[in-house]
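Data first, discussion second: the structure below is written as structure tokens.
The values are calculated or read from the model by the stated rules, or taken from the named source; none is laboratory data. These numbers come from a predicted model, not from an experiment. Quick reminder, even Gly has a Cβ in these numbers, built from the backbone with ideal geometry, and neighbours come from all protein chains shown. The accessibility values were calculated without ligands, DNA or RNA, using every heavy atom of the protein model including side chains. Shrake-Rupley method; radii C 1.70, N 1.55, O 1.52, S 1.80 Å.
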Amino acid sequence: MSVVKIENLTVQYLGEETNALDGVSLEIQKGEFVALLGAHGAGKTTLCLSLNGIVPNMISADMYGAIEVLGEVPPKIPVRQLATKVGSIFDNPEFQMSQLTVFEEVALGLQNLGVEKTTIEKNISESLKLVGLEGFEDRSPFEISGGQQQRLAMASALAMKPEILILDEPTSNLDPIGKEEVFSVTRSLNQEEGLTVIIAEHEVEVIAEFADTLVLLDEGRINEVGTPQDIFPRFVDHQEDIGVRVPQVTDLASRKTQNFNSIPVTLDESVEMYKK
Ligand SMILES: Nc1ncnc2c1ncn2[C@@H]1O[C@H](COP(=O)(O)OP(=O)(O)OP(=O)(O)O)[C@@H](O)[C@H]1O
Ligand SMILES: [Mg+2]
């Protein structure tokens with residue numbers, strides 16, 4: 001079942017000469033883990049913001065083509081309403097915080113929607129549990145680690161019970177431990193809870209392991225769509241042109257003279273192949 005259907009989507013920010021997205025067509029299936037890759041300015045953020053309606057509803061832009069997310073047309077409904085179906089996480093967790101306690105932080109979106117108190121309490125405890133922050137209810141969102149803040153931002157999104165989670169470079173401001181925390185929660189939300197995940201992320205080693213599908217953007221257009229196993233080995237010689245690194249094991253294996261039947265993209269695959 002497809003949860004995202006985009007046809008020929010073109011987005012032009014007001015006052016800009018070039019299109020941020022230029023004729024993008026893409027279909028995403030329920031439960032899929034999709035990674036958006038591409039150089040700076042390729043259009044990853046614009047695609048994320050089109051899916052959650054922030055473009056053009058909060059950031060003005062001209063939008064052409066067709067976009068449907070879980071049966072809704074994002075430009076046609078309020079961002080806040082779409083957030084009950086599509087949760088969004090951005091790169092700077094601190095900017096997403098405004099309340100004095102973790103509990104209030106997660107409660108905020110639900111209160112704005114007018115959800116009743118008992119449901120709010122239930123949703124908060126469920127979503128804090130999903131991100132491993134149970135017991136943090138009374139802590140200040142500003143006095144926890146970056147990884148915990150980002151998981152708190154995820155809990156706030158999850159409290160609305162979305163079916164899709166969009167993460168725009170969620171780990172770019174985190175230390176290695178924070179990155180690992182966010183990746184592992186993201187993976188379990190996808191694998192255990194069945195959420196569809198759409199993530200823009202530069203950590204290609206993790207992406208190679210987690211993603212079902214890679215979408216490679218280049219100057220607002222989709223260059224390639226495929227599995228990590230299909231795409232990364234083919235891009236070893238084009239890393240600079242496309243502004244995307246391939247996993248180290250892929251890079252290394254392709255430089256060796258050994259004849260591999262196929263080129264590995266994850267560490268486990270690599271270990272298996274070198275054993276042989
Ligand atoms: N609010 C905005 N107003 C005008 N132009 C914008 C705006 N946001 C992005 N752009 C332009 O749209 C194009 C796509 O940018 P976008 O931020 O979507 O790329 P990106 O792939 O997310 O890049 P990055 O890796 O740097 O995050 C770029 O040319 C960028 O300069
Ligand atoms: Mg971006």
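Tabulated data
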{"quantity": "Aspartates and glutamates with Cα under 16 Å of K76, excluding same-chain neighbours fewer than 8 positions away", "calculated": "D62, E68"}
{"quantity": "Apportionment of accessible area to carbon and sulfur, segment 132-276, percent (1.4 Å)", "calculated": "45 percent"}
{"quantity": "Choice from I89, I59, I231 with maximal GNM fluctuation in the chain (Cα, 10 Å cutoff)", "calculated": "I59"}
{"quantity": "Viscosity 0.890 mPa s, 25 °C: Kirkwood-radius Stokes-Einstein D of segment 129-276 over Cα pairs, µm²/s", "calculated": "144 µm²/s"}
{"quantity": "Most fluctuating residue given options F232, F95, F210, as computed from a GNM of the chain linking Cα atoms under 10 Å", "calculated": "F95"}
{"quantity": "GluC sites (Glu not before Pro) within segment 187-271, DSSP loop, no more than 14 other Cβ atoms inside 10 Å", "calculated": "E192, E193"}
{"quantity": "Of K30/K276; K85/K117; K5/K276, those spanning more than 31 Å from alpha-carbon to alpha-carbon", "calculated": "K30/K276; K5/K276"}
{"quantity": "Per residue accessible area of the chain, 1.4 Å probe, in Å²", "calculated": "49 Å²"}
{"quantity": "D (Stokes-Einstein, µm²/s), Kirkwood Cα radius, the chain, 1.306 mPa s at 10 °C", "calculated": "81 µm²/s"}
{"quantity": "Cα gyration tensor of segment 211-273 - equivalent ellipsoid semi-axes, whole Å, descending", "calculated": "22, 13, 9"}
{"quantity": "Of all DSSP beta bridges in the chain, antiparallel share, percent nearest 5", "calculated": "55 percent"}
{"quantity": "Kirkwood hydrodynamic radius over Cα pairs of segment 3-118, then Stokes diffusion coefficient at 37 °C and 0.692 mPa s, in µm²/s", "calculated": "209 µm²/s"}
{"quantity": "Proximal aspartates and glutamates to K129, defined as alpha-carbon separation beneath 16 angstrom and excluding residues fewer than eight positions away on the same chain", "calculated": "E104, E105, E121, E137, D138, E181, E192, E193"}
{"quantity": "Whichever lysines have a C-alpha closer than 21 Å to that of K275, once near sequence neighbours (fewer than 8 apart) are set aside", "calculated": "K256"}
{"quantity": "DSSP beta bridges in segment 134-276 [antiparallel fraction, %, rounded to 5]", "calculated": "50 percent"}
{"quantity": "Most mobile listed residue (T46, T227, T119) in the chain, GNM with C-alpha springs under 10 Å", "calculated": "T119"}
